[in-house]
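Colleague: This is the structure, below, for whatever I ask next.
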Protein chains: 2
Amino acid sequence: MSVLVVGSVAYDSIETPFGSRDEVVGGAATYFSLAASHFTDVHVVAAVGEDFGDEAMRVLDRSGIHLEGLERVPGKTFRWKGRYHYDLNERETLDTQLGVFERFEPRVPEGIRIPGFLFLANIDPVLQYDVMKQVERPRLIGCDTMNFWIEGKPKELARTLAEVDLLIINDSEARELAGEPNLVKAAGIIRRMGPRTLIVKRGEFGAASFFPEALFAVPALLLESVVDPTGAGDSFAGGVFGYLAANAGDGAIDERLMRRAIAMGCVMASFTVQSFGVEGLLDLTEDRIAERFAQFRALSHIEAE
Amino acid sequence: MSVLVVGSVAYDSIETPFGSRDEVVGGAATYFSLAASHFTDVHVVAAVGEDFGDEAMRVLDRSGIHLEGLERVPGKTFRWKGRYHYDLNERETLDTQLGVFERFEPRVPEGIRIPGFLFLANIDPVLQYDVMKQVERPRLIGCDTMNFWIEGKPKELARTLAEVDLLIINDSEARELAGEPNLVKAAGIIRRMGPRTLIVKRGEFGAASFFPEALFAVPALLLESVVDPTGAGDSFAGGVFGYLAANAGDGAIDERLMRRAIAMGCVMASFTVQSFGVEGLLDLTEDRIAERFAQFRALSHIEAE
């Protein structure tokens, strides 16, 4: 089954202690799509400006991402500039220029209005809701959000969450959304808002997941070289959705499959952080992904007595 | 086989958002011993003052901990007072009174100088070295340390580490000891200092371990109620050593066994943080420990396809 993602496509400028990149293609929808495209067909709905260059376009195009929903509109492409220090968990935003993203009104083209899987990357919850109404009910709807919307549009976010199956956010967002410092209690509160499954991204510490019947937690891979964490969370979501879409078949999306999908999310995030920008997601082979997946399973394995 | 631990026995005063306790028995050797005592015989070498009361003594005694190495000396027992906020990962030390701990010179009584397993809790590395010289070479020597010694006595610490098999410290200590922000690289540097195995404690995010041949990482259990993290790291070390001592038999302490021991360390730490002080380590049954161990294994389990 195919995946439809709605979100930002941007130009990022990144500084880390290990180097820098200027105006490289980024944005949540980009990382998500590139990660998911290793598993299944991905359609992206996003807007870029007149300045969005051929090189950036080729990055998406050569990965086989379907671009019929990528609108080119008058104005400049969304730009983000950020800096990381040695503690790569903390980032400093140096500049944000919304450009065409400020007036982004996602329109899902006719041909892709029956998506199997839909992921609403971090955009205004009003737009997330609007996208859900443009398509036939997908098999699974996932969503991301951030503190800005949790604080600024709580009612609109609640309306979106009521129709979402799977919410993927980070620790501090989960705690703020629930108004509860304990993560397990916070997960209970959030799941009563709508999403049957909550996945909490914990950066270099992996992910924690709250299913209807159980808890699941995994560490992140321990990597000798981490140069740029930009896009790790969106690559994670792309890995989860790509894997689910490719492997769910006609059966239920059960906990067993979800655990494997989350592991694949961690695998895709690990490729992202080892290179600048989206570089780590390009030119991956099926073998390299499978090898790292096996490595990830082995990392936490504890034998029975 | 039995475990010998050398470290502090103290009176702790603890404030957390969930309550407080005044002058309850604590200290690294106490938490370690109470955790390890559920698996094997534990001998403790420590010093307390004339003010160390019967009630505190009974906590150790009724847990079957061997106290022939617990010296009562003139002066006052080590006291620590601390406060935690909602982010239980950060603690604020309000007061420290070293008392008799200031002049602590550990003496291992004659009868316990052939320990199977030796754990040197966080004390001056000069004293840690001295203890190693008082005993016959144990099957396994473990050690903890802290930034205070890493910065203040680097040469003395290096001499101790050269004879240690297993070092158990937290993230920031590992990074500082190695002078390297990347944990995997830091582990390589530390293992070249002596310890074949490094275990890095990551608080609510579990533990990462670096063996000669492989990496191992586990999340911590996701708990609905965490009231006091005091002693979690020492309970973890006690669980690891207690489990190893009880299960190593005559065979090698291989990676398979070590993984299970680290999981048991996480289990014992989880009991500690759910109650104040040492309360969570008392009155545990074998069944409750086994049940939580099974829960811990299930937490991160990913099925093969």
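The values are calculated or read from the model by the stated rules, or taken from the named source; none is laboratory data. This is a predicted model, so every value here is computed, not measured. Quick reminder, even Gly has a Cβ in these numbers, built from the backbone with ideal geometry, and neighbours come from all protein chains shown. For accessibility, only protein heavy atoms count, side chains too; no ligands or nucleic acids. Shrake-Rupley method; radii C 1.70, N 1.55, O 1.52, S 1.80 Å.
Colleague: The range A:98-168 to the range A:1-70: how many Å between their Cα centroids?
Modeller: The two parts, judged by their Cα centres, are 18 Å apart.
Colleague: Which listed residue (A:A56, A:L222, B:H301) has the Cα farthest towards the positive end of the charge dipole for the protein assembly as shown, taking +1 on Lys and Arg C-beta and -1 on Asp and Glu C-beta about the Cα centre?
Modeller: Farthest along the dipole direction, towards plus: B:H301.
Colleague: Another question, if that's okay. Rounded to the nearest 20 Debye, what is the dipole magnitude of the range A:209-305 about its Cα centre when Lys and Arg each give +1 and Asp and Glu each give -1 at the C-beta? Present the calculation step by step, with values, prior to reporting the outcome.
Modeller: Values: 6 positive and 14 negative charges, 19 e Å.
In debye, rounded to 20, the range A:209-305 gives about 80.
Colleague: Where does chain A land at 222 nm, in deg cm²/dmol rounded to the nearest 500, when only DSSP H runs of n ≥ 4 count, each adding -39500 (n - 2.57), divided by all residues? Don't skip to the answer; put the middle values down first.
Modeller: Numbers: 10 runs with 107 residues, N = 305.
Helix-only estimate at 222 nm: -10500 deg cm²/dmol.
Colleague: Sticking with this one: Can you work out the Karplus-derived ³J(HN,Hα) for every residue in the range A:195-211? Use 6.51 cos²θ - 1.76 cosθ + 1.60 with θ = phi - 60°, whole Hz, and x for glycine or proline.
Modeller: Each residue's phi maps through the Karplus curve to give x, 5, 10, 10, 10, 9, 7, 10, x, 5, 9, x, 8, 10, 10, 10, 9 Hz.
Colleague: Within the range A:134-152, what residues put their amide N at less than 13 Å from the label point 7 Å along the Cα-to-Cβ vector of B:E303?
Modeller: Those under the cut-off are none; the list is empty.
Colleague: Could you please report the charge total around A:E151, scoring K, R as +1 and D, E as -1 over all other residues with beta-carbon less than 11 angstrom from its beta-carbon?
Modeller: Charge balance near A:E151 sits at -1.
Colleague: If Lys and Arg each add +1 and Asp and Glu each add -1, what is the summed charge of the other residues whose beta carbon sits under 13 Å from the beta carbon of A:G242? Write down the numbers at each step before the final one.
Modeller: Numbers: positive: A:R260; negative: A:D41, A:D234, A:E286.
Its environment carries a net charge of -2.
Colleague: Is the range A:76-201 best put as rounded, prolate or oblate by its Cα gyration tensor, with a ≥ b ≥ c the root eigenvalues, rounded for a/c under 1.5, and otherwise prolate when a/b is larger than b/c, oblate when not?
Modeller: On the way: a/c = 1.93, a/b = 1.08, b/c = 1.79.
Oblate shape, in that a/c is at least 1.5 and b/c is the bigger or equal ratio.
Colleague: Give the lysines reachable from A:K153 as a straight Cα distance under 23 Å; neighbours fewer than 8 places away on the same chain don't count.
Modeller: By straight Cα distance, A:K153 reaches A:K133, A:K185, A:K201.
Colleague: Hey, can you grab everything whose amide H is under 5 Å from the amide H of B:S8? Only 5+ residues off in sequence or another chain; H modelled, so Pro and N-termini drop out.
Modeller: B:A28, B:A29
Colleague: Residues with amide H under 5 Å of B:A217's amide H, sequence separation 5 or more or different chain, H placed in the peptide plane at 1.01 Å from N; which?
Modeller: Answer set, sorted by chain and number: A:S300, B:S209.
Colleague: Considering only DSSP beta bridges where both residues belong to the range A:121-223, give the percentage that are antiparallel (nearest 5). Intermediate values should be presented prior to the final figure.
Modeller: Details: 8 of 15 bridges.
Counting only bridges with both partners in the range A:121-223, antiparallel ones make up about 55 percent.
Colleague: How would you rank A:289-298, B:112-121, highest first, on the average number of other Cβ atoms within 10 Å across their residues? If you can, show how the numbers build up before the last one.
Modeller: On the way: A:289-298: 15.9, B:112-121: 22.2.
Most protected by this proxy first, the peptides run B:112-121, A:289-298.
Colleague: Moving to a separate point now. Can you tell me how chain A classifies by the Cα gyration tensor, rounded, prolate or oblate, using a/c under 1.5 as the rounded cut? Write out the running numbers ahead of the final one.
Modeller: Details: a/c = 1.28, a/b = 1.12, b/c = 1.15.
Rounded, because the longest to shortest axis ratio a/c is under 1.5.
Colleague: With a sphere of radius 9 Å drawn around the Cβ of A:E50, what net charge do the other residues whose Cβ falls strictly inside it have (Lys, Arg +1; Asp, Glu -1)? Working shown, then result.
Modeller: Details: positive: A:R72, A:K76; negative: A:D51.
With Lys, Arg at +1 and Asp, Glu at -1, the neighbours total +1.
Colleague: Per-residue HN-Hα couplings for the range B:81-93, Karplus 6.51 cos²θ - 1.76 cosθ + 1.60 at θ = phi - 60°, whole Hz, x for Gly and Pro?
Modeller: Each residue's phi maps through the Karplus curve to give 10, x, 9, 10, 9, 4, 7, 5, 6, 10, 10, 10, 8 Hz.
Colleague: Of the heavy-atom accessible surface of the protein assembly as shown (probe 1.4 angstrom), what whole percent is carbon and sulfur? Write out the running numbers ahead of the final one.
Modeller: Numbers: 11590 of 24770 Å².
Its accessible area is 47 percent carbon and sulfur atoms.
Colleague: Enter the Cα centre distance for the pair the range A:198-257 and the range A:265-305, rounded to the nearest angstrom.
Modeller: Value for the Cα centre distance between the two parts: 11 Å.
Colleague: Show the residues, 5+ positions off or on another chain, whose built amide H is closer than 5 Å to the amide H of B:T16.
Modeller: Result for B:T16 returns B:Y84.
Colleague: Using a 1.4 angstrom probe, figure out how much accessible area chain B has per residue, in square angstrom, rounded to the nearest whole. Write down the numbers at each step before the final one.
Modeller: Numbers: 12380 Å² over 305 residues.
Averaged over the residues of chain B, the accessible area is 41 Å².
Colleague: Continuing with the same structure: What list of ³J(HN,Hα) values in whole Hz, one per residue of the range A:214-219 in order, does the Karplus curve 6.51 cos²θ - 1.76 cosθ + 1.60 (θ = phi - 60°) give from phi, with Gly and Pro shown as x?
Modeller: Using θ = phi - 60°, the values come out as 7, 10, 9, 9, 9, x Hz.
Colleague: Now for a separate question. What distance in nm separates the simple spin-label points at A:S20 and A:Q295, each placed 7 Å from Cα in the Cβ direction?
Modeller: 3.0
Colleague: What share of the DSSP beta bridges in the protein assembly as shown is antiparallel, in percent to the nearest 5? If you can, show how the numbers build up before the last one.
Modeller: Numbers: 40 of 100 bridges.
Taking every DSSP beta bridge within the protein assembly as shown, about 40 percent pair in antiparallel fashion.
Colleague: For a label point 7 angstrom out from the Cα of A:E136 toward its Cβ, which stretches of the range A:44-87 have the backbone nitrogen within less than 14 Å?
Modeller: Backbone N within reach: none found.
Colleague: Quick one: work out the % antiparallel among DSSP beta bridges in chain B, nearest 5. Show your work: numbers first, answer last.
Modeller: On the way: 20 of 50 bridges.
Of those bridges, close to 40 percent are antiparallel.
Colleague: So how do B:240-249, B:184-193, B:142-151, A:145-154 stack up, highest first, on mean other-Cβ count within 10 Å?
Modeller: Highest mean packing first, the order is B:240-249, B:142-151, B:184-193, A:145-154.
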